[in-house]
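Everything on this sheet refers to the single structure shown next.
The values are calculated or read from the model by the stated rules, or taken from the named source; none is laboratory data. Bear in mind the structure is a predicted one, so any value in this text is a computation, not a measurement. When we count neighbours, we look across all protein chains shown, and the Cβ atoms used for this are built from the backbone with ideal geometry, even at glycine.
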Amino acid sequence: MSYARIDDLLPHQRPVVEAGKLGIVLLGWHAAAHCYAERHRTDGVIPSHGLTLLAPGAGRPPARVLENLQAAGLWEPLEDGAWRLRDYLEWNAPSAVRAPRGRSAARVRWNAPRMRDASETHASSMCAASSEHLCLDASPQSGPNPAPEQKERSVLVTTPSGGETTGSAPGRSRDQSGSGTDEQHRRCGTCGAEWLGGPHCPKQVQHAARTGRAPTT
């Protein structure tokens, strides 16, 4: 199905307005002629036998109507009783530059819905695959949770000889027999040193030994 174009200001043109009530009749025949030319791809030419096909219910246009269409500048007579629509090619493309009708046009018309359905199906499958991929990525991993890493802290430890050494303090030590013993981790409020074991800071003990005073922490 094709569509004919026509000037939307045609009812306001001076020849049509001056025709009075006859102007609406001229517009009707002119629009019917545009439809005929578009349907038959005549580039605006109405053959003599085509005049009776413009409006089958009205028959052939009366001679008075043809004269007024010519006077209004809408139609021009040709040989063999044919007429030309003067403004047809101003609003409609010539048949030479249009796509050919027939099987090729029908093939495009019938295949268009199939191509659209196939495109929609492909888009739906892509969306479903994308949603499934997102769900798999968001699912929690099975298996035991990995144990949190235990940070080792460097603390000051008093040796049997009264010296100092630096070691790691995981928070729990084991003796040679393998039994676990809890040792309190302490921090000196004066110097900030950390140690395991006794109640007094090793640094404060050494300082007290040098000065002859009792350790404060």
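Miscellaneous remarks
- Taking the criterion of being charged (D, E, K, R) and surrounded by fewer than 15 Cβ atoms within 10 Å (Cβ to Cβ), the only residue of segment 192-212 that qualifies is Arg210.
- Any hit, segment 15-34, residues being in contact with a strand residue (DSSP E or B) (Cβ under 7 Å, 6 or more places away or on another chain) and surrounded by fewer than 16 Cβ atoms within 10 Å (Cβ to Cβ): no
- Residues located in segment 70-91, provided they are touching a Pro at 6+ places or on another chain (Cβ under 8 Å), outside any strand (DSSP E or B) and under 23 Å from Gly20 (Cβ atoms): Gln70, Ala71, Ala72, Gly73, Leu74
Okay, residues lined up against (1) part of a helix (DSSP H, G or I); (2) at pLDDT 90 or above; (3) out of contact with any Gly (no Cβ under 8 Å at 6 or more places or on another chain):
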| position | (1), (2), (3) |
| --- | --- |
| His30 | yes, yes, yes |
| Ala37 | yes, yes, no |
| Gly50 | yes, yes, yes |
| Ala55 | no, yes, no |
| Arg64 | yes, yes, yes |
| Ala93 | no, no, yes |
